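What follows is a short report on a single structure.
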Amino acid sequence: MHILTTGRSFFYFYRRYDMTGTDYQMTLALPLQDVWSFLNDFNNWANCVDGYIHHREITPLQSIWTLKGEFGLIEKTIQLHVNRIKTATPYHMLVNFSSFQNKLSGEACLYAKDFRKNETKIEATIELKIRGLPGAFVRPIIKNVLPKMLHQLGKRIKSEILKKQPTPMM
């Protein structure tokens, strides 16, 4: 069950025992429109995702992503069906994804809003569900790693956004 709120946490998930999730927030000293024009296009930041190999757009709202994951000695390449869900709210992105074998699925939400003059606050949430016997073993590892991965993703996206900004003239 998903409930969108405007309170302290912008996106609340009723987390079931078989799901793992985390939240992340950051502020950028850039206007909302500049930040959103970057975030709104997967092509701008897809390579910032841990394990990213490539992605292919099927439609403007659907794509297939190939990622490589490493957990200790286990290394796995997976393909994810990524579906962007249209929202009525501007500066808000909902995405659901699942592996072709349906062993991994999840949802992500990205929300950007004006924070202060020429500052933008970005809030992100991700939820993962891993099915099958391996999921029971991998879930505790992912529960510990996922917040770090989302934090790293945020830092990389911030760096990419700042690189694309024009340099002020002196």
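The values are calculated or read from the model by the stated rules, or taken from the named source; none is laboratory data. Just so it is clear, the model here is predicted, and its values are computed rather than measured. All Cβ positions, glycine included, derive from the backbone under ideal geometry; neighbour counts span all protein chains shown. What goes into the accessible areas is simple: the full protein's heavy atoms, side chains included, and nothing from ligands, DNA or RNA. Shrake-Rupley method; radii C 1.70, N 1.55, O 1.52, S 1.80 Å.
The test for being assigned to a strand (DSSP E or B) and on the phi < 0 side of the Ramachandran plot holds for His81. If only residues of the range 51-95 that are at pLDDT 90 or above and of a type in the set (Gly, Ala, Ser) are counted, the one that is surrounded by the most Cβ atoms within 10 Å (Cβ to Cβ) is Ser63. For the range 121-138, the count of residues that are open to solvent by less than 30 Å² (accessible area, probe 1.4 Å) and polar (S, T, N, Q) is at least one. Selection over the range 28-47 of residues that are open to solvent by 50 Å² or more (accessible area, probe 1.4 Å) and β-branched (Val, Ile, Thr) gives a count of 0.
Only one of the numbered conditions (1) touching a residue at least 40 places away in the same chain (Cβ under 8 Å); (2) part of a strand (DSSP E or B); (3) among the hydrophobic types (A, V, I, L, M, F, W, C) is violated by Trp45, and that is (2). Tyr111 meets all of the listed conditions (1) in contact with an Asp or Glu (Cβ under 8 Å, 6 or more places away or on another chain); (2) hydroxyl-bearing (Ser, Thr, Tyr); (3) closer than 19 Å to Thr20 by Cβ but one, namely (3). For the range 25-32, state whether one or more residues are modelled with pLDDT under 90 and not in a strand (DSSP E or B). No.
Here is the figure for the range 96-115: residues that are closer than 21 Å to Lys158 by Cβ, crowded, with 16+ Cβ neighbours inside 10 Å and not hydroxyl-bearing (Ser, Thr, Tyr) total 5.
Looking at Gln101, Gln79, which one is closer than 25 Å to Arg56 by Cβ and over 18 Å from the mean Cα position of the chain (by Cα)?
After ruling out the rest, the residue left standing is Gln101.
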